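Here's the structure we're looking at; comments come further down.
The values are calculated or read from the model by the stated rules, or taken from the named source; none is laboratory data. These figures come from a predicted structure and were not determined experimentally. Cβ placement follows ideal geometry from the backbone for every residue including glycine, while neighbour counts extend to all protein chains displayed.
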Amino acid sequence: MGLLRTPFRQAIAILAVAYALIEFGIPYIPPLFGVASAKIPNTVVLQYLLTVTVGILIWVSDNERRWTEFKKPIHEVLVRPDRKLARGVLLVGVPLLMAFVAYGRALPDMSAPPSFRAIHPAPPSSIPFQGEIIELTGLENPLRSVGSLDEHYEEGKRVYYQNCIACHGDALRGLGHYAPGFNPTPLNFQDVGTIAQLTESFVFWRIAQGGPGLPNEGAPWNSAMPAWENFLTADEIWSVIIFLYEQTGHEPRRWEELEAAEGTEAEGS
Amino acid sequence: MRIALPWPCDARVAAACLAVALSAVALVPTSVAAQVDGEALYVKWCAGCHGEDGTGNGVAANTMLPRPRDFTLALYQVRTTATGELPTDADILKVIDEGMPGTAMPGWVDVLSQEERLALVDHLKTYSRFFQGDAPEPLEFSSATRGTDEAIVSGQEVYQSVECWRCHGQQGRGDGESAPTLEDDAGFPILAADLTENWTFNGGGTVEEIYRVLRTGLDGTPMPTFSDIVDAGVITDEQLWGLAHYVRSLSPEETPEVREVVSAKRITDGTVPETVGDEAWEAVEPIYVPLVGQIVVKPRWFNPRVGGVWVQALHDGQELALLVSWTDPSLSPDPTWADFAQRVIEIMGPGDEGAATAAGAPDQLVVQFPTALSDGMERPYFLQGDPRRPTNTWTWRSDAPDAVESIARGLGTAVPQPDGEQHVTAVVQHAEGEWKVLFRRSLDTGGAEDLVLPVGQAVPMAFQAWDGDNGESGNQGAVSTWYFLFLEQPTPVSVYVAPPIVLVLTLLFGLLAIRQAQWEATGAGARVARLPAFRLTKAVERAFGMGVGLAWLGMAAAAYRSASLGWDAGHSDLGFWWTVIAALMAIAGLSAMIGTFIHTLPRDEGR
């Protein structure tokens, strides 16, 4: 590890490793363990790197000897006659780089404005549905306690194929033949981050009220999800919910689990 | 040529041996497939459209045109076998794997395993007794010729001589004179393929796939085989490849990517073009905006004819010119298409209340903007707005003389603005199966309910299109979600000024730093003042610490701004978290400043 002897080189190495971890580690390492991840925005990368830089500066200036050693290579490049070439390269390169950055910042930005959107906004405790009020809190799928599951599944399948596949697709991955026409794209029910994380009452709310029923943080103006209370009965919606869970093999979240989880949290704190 | 093998054999025999060996390998998975229940898979994933009895009459069938395949007829479009022959197992597997472009059939290659898909192939074959006979022989296809200009020209001659244009039209947009009369073998109306959109070709859009379809035909549809005229010597195989190259050349080289922003260049010498044929348009890159059926509010429409529009825009600082082009075989209502439209209306489900019952509607195009831009992210509902947030719609109809500007508060609620407030003009052209509609409007009309189109800012914009001769009218048409129009500014002066200033300043700073370091190093600086040098270091440390503190406070201020934006837009979660971040940053900044102040106090000098 002779290369990393001096504090200056160590500082550069830490910065490089930090950059690699932030830029490439965050998006690509978690998927190796089956956890979904994504690239983080450049502004956030910059903020993290600033924090790392401040940390490095605190560390190198922590004791006098390391601080002197850290400054030594910088000082030598500035002063020693035999480092004239390095000096010259820096003197030309750094201003050019800064000018290039300034040019990039001055160019007009033609991208679409950012559109933040809560994918699973907080549900209301009750919703109006076809002239009645339905309490969502604590509500489980009523069809699970009556009739046969197979019949509800078959009915749900009919509802799904007649109304939903154009967008959400035959494989329930949100890749129907209309999906490319929509932004945001239709929800992927196979994904472990969608219906598998939700109670059936939440799914009922989203189906019944669709895009227009989203709160503002869900960007209701963009969603092409229809308000299905205008098309379907409550039983049809509950049966299509059973179809979604049966066909994907996911289990809905139950209210007892949620309450139990909240209970342990309360005890813990 | 001879190949070293244990037994005497020339290359052709070797190839045959290899083919036998390979097909034996290919057969192995089929026996594995026997362990997978193909019927159960079919019932779970396929029967919704194709029906449990395989007749193509699943519950979803009436929302699709072309209809799902009827497996009992054993008629398959995508094959490597001669027309009238059954497909090979590999052919069926290919369609299951890749789906049928331009239809509702998706690809299953990354949904089901190889064994499962092979089991499905076996199951599909049980719906027809024809498959009990010998396995069909695939045709031998020659390898592709090069797509030279000569090949394309010879292909164009074949296109004329074998009369492809009778159905597909002179420019390939499916507007030939026979097009309105086409139906498939089951009697459903069918459109001649739009050859300018190869990503929607049933059999695939590459030159090789087009050639294959020309050789095999698309059985069950009016698309015939051309193998017979090659065999009869009317045209050569090379000419057929030329035809494939010509057909491929009618579409863009790359399938258009969906982009969010249509940017309008600013014309500095002159005004915006006033005709659709103006040569100024040739320099403007068309942006493809895909459209899909309006299936959000009643009555829904699952069979939109317009799959997308090409959009180009220019402005001159005073006026916007927006050119929208799309494929539409007819100028609706065209009597020759009346029967086709009527049959489409009668076939298509789901028959929502208010659905059209009679054909004869015009073609229409709507371009929609918000009536006002909001500071936050809020926009009107993408289907022509909502009661709180109306949209300004520019509507053109093929049966009206000019465009109409309206205010809409939801789909189908557009109210035309009064006569004095009509500021949009439309120039149109219908030729060779294509509409071109050129809208023009002043950036600032002065109208109270008209959006002032700002320069240098992305403005939400959405599209809707109707083809009357496909049975579309009212709410039953094709729609898009929000896209953006960006009117470019003349290049800001700062682009030319800022970089040189930054360059010179950085250079000066670098020179100064080197100068200072060398001066101190020569000992001249050290001799002049030992104590002041220490003071200088203290001062530098203080400046550095205070600078870091200020930087943190600056970031805190930016975070606070994001927080207020979040609260304003109703995103309480964004607002909350940005507030937390702002608070933490402010604490960090203040701590840095206070710490620096304490540790650089003059009394420390004594130590």
Flag if A:Ile58 is touching a residue at least 60 places away in the same chain (Cβ under 8 Å), within 11 Å of another protein chain (Cβ to nearest Cβ) and farther than 17 Å from B:Leu508 by Cα: no
Every residue from the stretch B:349-362 that is touching a helix residue (DSSP H, G or I) at 6+ places or on another chain (Cβ under 7 Å) and either among the β-branched types (Val, Ile, Thr) or within 14 Å of another protein chain (Cβ to nearest Cβ) (or both): B:Gly349, B:Pro350, B:Thr357
Residue in the stretch B:176-186 that is over 31 Å from the mean Cα position of the chain (by Cα) and closer than 29 Å to B:Asp89 by Cβ present: yes
Residues being among the β-branched types (Val, Ile, Thr) and either under 20 Å from A:Ser115 (Cα atoms) or within 7 Å of chain A (Cβ to nearest Cβ) (or both) - total across the stretch B:480-494: 1
Single condition B:Arg166 does not satisfy, out of (1) farther than 25 Å from B:Trp45 by Cβ; (2) without any contact (Cβ under 8 Å) to a residue 24 or more places away in the chain; (3) not assigned by TED's automatic domain parsing to the domain that holds B:Ile229: (3)
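Please enumerate the residues belonging to the stretch B:373-410 that are within 14 Å of chain A (Cβ to nearest Cβ) and surrounded by fewer than 21 Cβ atoms within 10 Å (Cβ to Cβ).
Hits for the stretch B:373-410 are B:Leu373, B:Ser374, B:Asp375, B:Gly376, B:Glu378, B:Asp386, B:Pro387, B:Arg388, B:Arg389, B:Arg409, B:Gly410.
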Qualifying residue in the stretch A:247-266 (condition: out of contact with any Pro (no Cβ under 6 Å at 6 or more places or on another chain), at pLDDT 95 or above and basic (Lys, Arg)): no
Any hit, the stretch A:190-204, residues being surrounded by fewer than 18 Cβ atoms within 10 Å (Cβ to Cβ), out of contact with any Phe, Trp or Tyr (no Cβ under 9 Å at 6 or more places or on another chain) and acidic (Asp, Glu): yes
Qualifying helices (runs of 4 or more DSSP H) (wholly inside the stretch A:162-269; at least 1 residues being within 14 Å of chain B (Cβ to nearest Cβ)): A:165-168, A:200-209, A:234-248
Residue list for the stretch B:452-508, restricted to those being of a type in the set (A, V, I, L, M), buried (at least 23 other Cβ atoms within 10 Å of the Cβ) and assigned to a helix (DSSP H, G or I): none
Test result for B:Thr72, outside any loop (DSSP other than H, G, I, E, B), more than 14 Å from chain A (Cβ to nearest Cβ) and not small (Gly, Ala, Ser): yes
Candidates B:Ser442, B:Ser473, B:Ser480 - the one that is over 21 Å from A:Pro226 (Cβ atoms) and among the small types (Gly, Ala, Ser): B:Ser442
Candidate set: the stretch B:525-542, residues that are under 24 Å from A:Leu90 (Cβ atoms) and surrounded by fewer than 12 Cβ atoms within 10 Å (Cβ to Cβ); chosen: the one modelled with the lowest pLDDT: B:Thr537
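Of these, A:Ser223, A:Ser239, which one is within 20 Å of the chain's Cα centre (by Cα) and buried (at least 22 other Cβ atoms within 10 Å of the Cβ)?
Sole residue among the options that is within 20 Å of the chain's Cα centre (by Cα) and buried (at least 22 other Cβ atoms within 10 Å of the Cβ): A:Ser223.
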Flag if B:Thr206 is at negative phi and surrounded by fewer than 16 Cβ atoms within 10 Å (Cβ to Cβ): yes
Residue within the stretch A:119-126 that is of a type in the set (Ser, Thr, Tyr), over 27 Å from the mean Cα position of the chain (by Cα) and more than 9 Å from chain B (Cβ to nearest Cβ) present: yes
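Residue-by-condition table, conditions (1) at pLDDT 95 or above; (2) farther than 24 Å from A:Gly249 by Cα; (3) among the aliphatic types (A, V, I, L, M):
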site: B:Ile96; (1), (2), (3): yes, no, yes
site: B:Asp110; (1), (2), (3): no, no, no
site: B:Glu116; (1), (2), (3): yes, no, no
site: B:Leu120; (1), (2), (3): yes, no, yes
site: B:Leu124; (1), (2), (3): yes, yes, yes
site: B:Gln132; (1), (2), (3): no, yes, no
site: B:Pro136; (1), (2), (3): no, yes, no
Residue among B:Thr181, B:Thr206 that alone is modelled with pLDDT of 95 or more, closer than 18 Å to B:Arg79 by Cβ and outside the structural domain of B:Glu432 (by TED's automatic domain parsing): B:Thr206
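Between B:Gly385, B:Gly477, B:Gly446, B:Gly471, which is at positive phi and in contact (Cβ under 8 Å) with a residue 60 or more places away in the chain?
The match here is B:Gly471.
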Among the candidates B:Asp339, B:Asp352, B:Asp328, residue that is touching a residue at least 12 places away in the same chain (Cβ under 8 Å), in the same structural domain as B:Phe382 (by TED's automatic domain parsing) and in contact with an Asp or Glu (Cβ under 6 Å, 6 or more places away or on another chain): B:Asp328
Residue under evaluation B:Pro101, criteria (1) modelled with pLDDT of 95 or more; (2) at the interface with another protein chain (Cβ under 10 Å from one of its Cβ atoms), criterion not met: (1)
The lone exception for B:Ala90 - which of (1) modelled with pLDDT of 95 or more; (2) part of a loop (DSSP other than H, G, I, E, B); (3) surrounded by fewer than 19 Cβ atoms within 10 Å (Cβ to Cβ) it fails: (2)
Of residues in the stretch B:238-264 being surrounded by fewer than 16 Cβ atoms within 10 Å (Cβ to Cβ) and not β-branched (Val, Ile, Thr), the one nearest to B:Ser161 (Cα to Cα): B:Glu238
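Would it be correct to say that B:Thr336 is closer than 28 Å to B:Gln171 by Cβ and either within 14 Å of chain A (Cβ to nearest Cβ) or buried (at least 18 other Cβ atoms within 10 Å of the Cβ) (or both)?
When the stated conditions are applied, B:Thr336 does not pass them.
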